[in-house]
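Chemist: Shown below is the structure under consideration.
The values are calculated or read from the model by the stated rules, or taken from the named source; none is laboratory data. A quick note: this is a predicted structure, and the numbers were derived from the prediction, not measured. Cβ coordinates were reconstructed from backbone atoms using ideal geometry, including for glycine residues, and neighbour counts include every protein chain displayed. Quick note on the areas: whole protein, heavy atoms, side chains included, nothing else; ligands and nucleic acids left out. Shrake-Rupley method; radii C 1.70, N 1.55, O 1.52, S 1.80 Å.
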Amino acid sequence: LKLLYVGRLHPLKGVEFLFEAIPQDCHLVVIGKDEGEGPKLKKIAARRGLDVEFRGVVSEDEKESAYQWCDVLVLPTLSENFGLVIAEALERGKRVITTDGAPAWGDSNDYGGRLTYLKGYRDGTDEIRVRLLKDAIEKLKEH
């Protein structure tokens, strides 16, 4: 499964929980500005033996290529105003996993089965967040 994260590398984005949740047989591309989380995320990836590619800030063409490449966009956010990347991914027909940290997407519309919205994530423990992400990714791997 080819996973994509697009956004800032900041504690509020919850990327560390994604790194703890993804199976080793998935490939993850990370796009976005590092706001201090990069070294921690790289340590998690090395410890877990993950296949992760950090691309940093990229051009619009490179971002478009990443959207076309991926199977699933994952936005494991703890706090998001809207989550434009969710709209961008859905517009391209991609599957999306996001959380109740992005409340604008919690209206029960699953966009034809393409949106997985994780309730109980934002206010859950770290272990709950990792489990919710892991379960959602595993479920998508089955399809």
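Chemist: Answer yes or no: is there a residue in region 52-66 that is surrounded by 15 or more Cβ atoms within 10 Å (Cβ to Cβ), among the acidic types (D, E) and closer than 21 Å to R114 by Cα.
Modeler: Checked against the condition, which is being surrounded by 15 or more Cβ atoms within 10 Å (Cβ to Cβ), among the acidic types (D, E) and closer than 21 Å to R114 by Cα, region 52-66 yields no hits at all.
Chemist: Taking region 67-87, which residues are in a loop (DSSP other than H, G, I, E, B) and under 19 Å from K119 (Cβ atoms)?
Modeler: Hits for region 67-87 are P76, T77, L78, S79, E80, N81, F82, G83.
Chemist: Quick one: which residue in S65, S59 is closer than 15 Å to K2 by Cβ and without any contact (Cβ under 8 Å) to a residue 60 or more places away in the chain?
Modeler: S65
Chemist: Name the residue that is least open to solvent (accessible area, probe 1.4 Å), counting only residues in region 84-94 that are over 16 Å from L140 (Cα atoms) and in contact with a Phe, Trp or Tyr (Cβ under 7 Å, 6 or more places away or on another chain).
Modeler: Checking each candidate, the answer is I86.
Chemist: Might you let me know whether region 106-121 holds any residue that is at pLDDT below 95 and either closer than 17 Å to G14 by Cα or of a type in the set (D, E) (or both)?
Modeler: yes
Chemist: Given the options L133, L90, name the one that is touching a residue at least 40 places away in the same chain (Cβ under 8 Å), within 17 Å of L4 (Cα to Cα) and not in a strand (DSSP E or B).
Modeler: Only one candidate qualifies: L133.
Chemist: So which of P11, P23, P39 ends up being open to solvent by less than 50 Å² (accessible area, probe 1.4 Å), out of contact with any strand residue (DSSP E or B) (no Cβ under 9 Å at 6 or more places or on another chain) and modelled with pLDDT of 95 or more?
Modeler: Step by step, each of P11, P23, P39 is checked, and only P23 is open to solvent by less than 50 Å² (accessible area, probe 1.4 Å), out of contact with any strand residue (DSSP E or B) (no Cβ under 9 Å at 6 or more places or on another chain) and modelled with pLDDT of 95 or more.
Chemist: How do the pairs read when you match residues in region 111-127 that are assigned to a helix (DSSP H, G or I) with residues anywhere that are among the aromatic types (F, W, Y), using Cβ under 9 Å and keeping only pairs 6 or more apart or on different chains?
Modeler: Hits for this filter: D126/F17.
Chemist: Collect the residues in region 95-121 that are more than 12 Å from the chain's Cα centre (by Cα), open to solvent by 40 Å² or more (accessible area, probe 1.4 Å) and closer than 22 Å to L28 by Cα, keeping them in residue-number order.
Modeler: Result: G113, R114.
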